[in-house]
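Rule-based calculations on the coordinates, nothing more; no lab input. Please read these numbers as outputs of a predicted model, since none were measured by experiment. Cβ placement follows ideal geometry from the backbone for every residue including glycine, while neighbour counts extend to all protein chains displayed.
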Amino acid sequence: MKQLFLIPVIFISVQLSGQITLSFTDFATTNDTVRMSSALDPTIDFATTGQSQTWNFSNLTPTGQTLKNFQPVVNAGAFVNFIFGTFAPAKYQASYFIESSALPLQQITSFLPIGIQDVFQFNKRTADSLTAVGIAMTVSFNGSATTIPIQSDTIETPYDFPLAFGNTHFSRGATSVDFNPIYNAKWNQHRSRFTEVDGYGSITTPFGTFEALRIRHDIDEIDSLFTEFPFIGATWIPLDIPASHQYEWWTNGEKEPILRINTTEILGNETVTAIEYRDIYRPEFASIIANDLSSEVKVYPNPSDDKIEIILPYEMESITILNAAGQIVYEHGPSGSILTVNVASFESGNYWIFGQTAQGTFLKAININ
């Protein structure tokens with residue numbers, strides 16, 4: 001009878017060994033830096049999950065690398081610091097800010113004659129949660145640029161702590177941006193997020209093998225834009241934002257997910273839009289990530305169909321513009337801190353500006369109409 005009793009006890013201890021718990025200390029905060037590699041694999045398996053899983057993504061091939069910088073709010077400038085720093089209401093006092101893709105830039109700029117760049121997300125990390133308290137962006141119009149900080153009207157909570165297998169939570173977020181007096185337009189964003197810790201086990205990537213929790217986020221977003229339209233007048237129009245999902249594998253002490261897969265959903269079918277994973281330093285991408293100055297560079301207007309100005313606090317040693325296929329379409333040698341480039345002959349589409357200075361390098365995305 002003793003042997004029959006011991007067998008299920010041993011089985012249970014094995015089952016529980018892979019169930020880690022995540023706390024707020026496992027997530028990045030002020031002055032942290034985290035190296036992430038990107039990959040391309042439209043067939044990657046993001047669906048398989050559950051208890052005691054073994055996920056093997058060791059065949060991921062890096063296509064690029066970034067060094068995520070969780071900057072203190074004081075680095076954002078005096079006005080932004082007033083909105084998200086120690087003078088702000090407690091719930092808006094951000095722990096850090098980081099580059100963000102929170103805005104549907106393509107939809108907004110396709111309707112409005114303004115450029116939007118340098119979008120940053122401001123987050124607050126506490127022992128109980130990680131909240132998205134607002135954003136800041138640089139808006140350019142008619143050759144001038146203005147930085148706009150915006151506190152979210154409803155604060156979204158991407159993570160509730162602690163996180164353990166089986167946990168779920170629901171959160172809403174709402175943000176409104178008034179572009180006046182720069183331009184007569186407004187943008188509203190309403191998001192809902194359902195988060196579930198739906199698996200645990202062992203994950204392997206090129207970075208190594210780790211015990212992990214699998215977290216799934218289902219995100220629905222309704223955006224609208226208000227401005228004056230020809231033949232219509234001033235009105236609100238809806239923006240087409242498909243449902244999206246994030247699949248993340250987190251372990252203890254790594255500050256960012258070991259692996260994150262983003263998808264968009266149309267008619268029930270999910271398409272992989274981004275893959276990133278924790279990684280070691282890879283020298284083949286050093287020219288892009290070494291001493292990244294991207295946050296200090298301004299490109300106006302963006303989008304453009306005529307000329308752009310590249311502005312930064314340092315003298316440029318070289319500028320290279322590449323199209324979406326990676327082909328060089330423009331090169332320029334040493335210049336001052338401001339460079340004007342005629343892009344009227346460029347085909348419409350997305351381009352990358354890669355610049356080198358004595359202080360570091362930068363990479364900026366632009367759109368040519």
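Just a few scattered comments:
- Convex hull volume per residue in cubic angstrom - Cα atoms of the chain: 162
- Which of Tyr314, Gln246, Pro301, positive extreme of dipole for the chain (C-beta unit charges): Gln246
- The mean sequence distance of close C-alpha pairs (under 8 Å, at least 6 residues apart), as a share of the length of region 32-77, puts its relative contact order at 63 percent.
- Distance between the pseudo-spin-label points of Asn180 and Thr33 (7 Å out from Cα toward the beta carbon): 4.3 nm.
- Fluctuation leader among Gln106, Gln151, Gln117 - the chain, Gaussian network, Cα springs under 10 angstrom: Gln106
- Helix-derived mean residue ellipticity, 222 nm - over the chain, DSSP H n ≥ 4, -39500 (n - 2.57), to 500: -2500 deg cm²/dmol
- Considering only alpha-carbon pairs that sit under 8 angstrom and 6 or more positions apart, the relative contact order computed for region 291-368 is 36 percent.
- Whole-number percent relative contact order across region 24-283, with pairs defined as alpha carbons under 8 Å at least 6 apart: 18
- Peptide packing: for 200-211, 158-169, the average count of neighbouring Cβ atoms within 10 Å per residue gives the ranking 200-211, 158-169, highest mean first.
- Once the chain from Thr25 to Asn342 is taken as fully extended at 0.36 nm per residue, the excess over their C-alpha distance is 109.3 nm.
- Restricting the GluC sites (Glu not before Pro) of region 292-369 to loop positions (DSSP other than H, G, I, E, B) with no more than 15 neighbouring Cβ atoms within 10 Å leaves Glu315, Glu347.
- Panel values: region 221-369, Kirkwood radius from alpha carbon pairs, Stokes-Einstein at 37 °C and 0.692 mPa s, translational diffusion coefficient 176 µm²/s.
- For region 45-129, the alpha carbon convex hull comes to 207 Å³ per residue, rounded to a whole number.
- The dipole here belongs to the chain: it is taken about the Cα centre, uses +1 on the Cβ of Lys and Arg and -1 on the Cβ of Asp and Glu, and is about 740 debye.
- Furthest towards positive pole of dipole, Ile203, Ser192, Val177, structure part region 129-237, Cβ charges: Val177
- Label zone at Asp41 (point 7 Å along Cα-to-Cβ), backbone N below 17 Å, region 261-282: 261-263, 271-280
- For region 26-75 and region 232-252, distance of Cα centres in Å: 20
- Checked against a 18 Å cut-off, the cross-linked pairs Lys91/Lys255; Lys255/Lys298; Lys186/Lys307; Lys186/Lys364; Lys307/Lys364 give Cα-Cα distances beyond that limit for Lys91/Lys255; Lys255/Lys298; Lys186/Lys307; Lys186/Lys364.
- Fully extending the segment from Ser52 to Val74, taken as 0.36 nm per residue of separation minus the present Cα-Cα distance, adds 3.6 nm.
- For region 291-368, the equivalent ellipsoid built from the Cα gyration tensor has semi-axes of 19, 13, 11 Å, listed from largest to smallest.
- Listed values for region 74-79 are Karplus-derived 3J(HN,Hα) couplings in whole Hz (6.51 cos²θ - 1.76 cosθ + 1.60, θ = phi - 60°), namely 4, 6, 8, x, 4, 5, and x replaces Gly and Pro.
- Per-bin percent of Cα-Cα distances, region 109-251 [10 Å]: 10, 31, 29, 18, 9, 2
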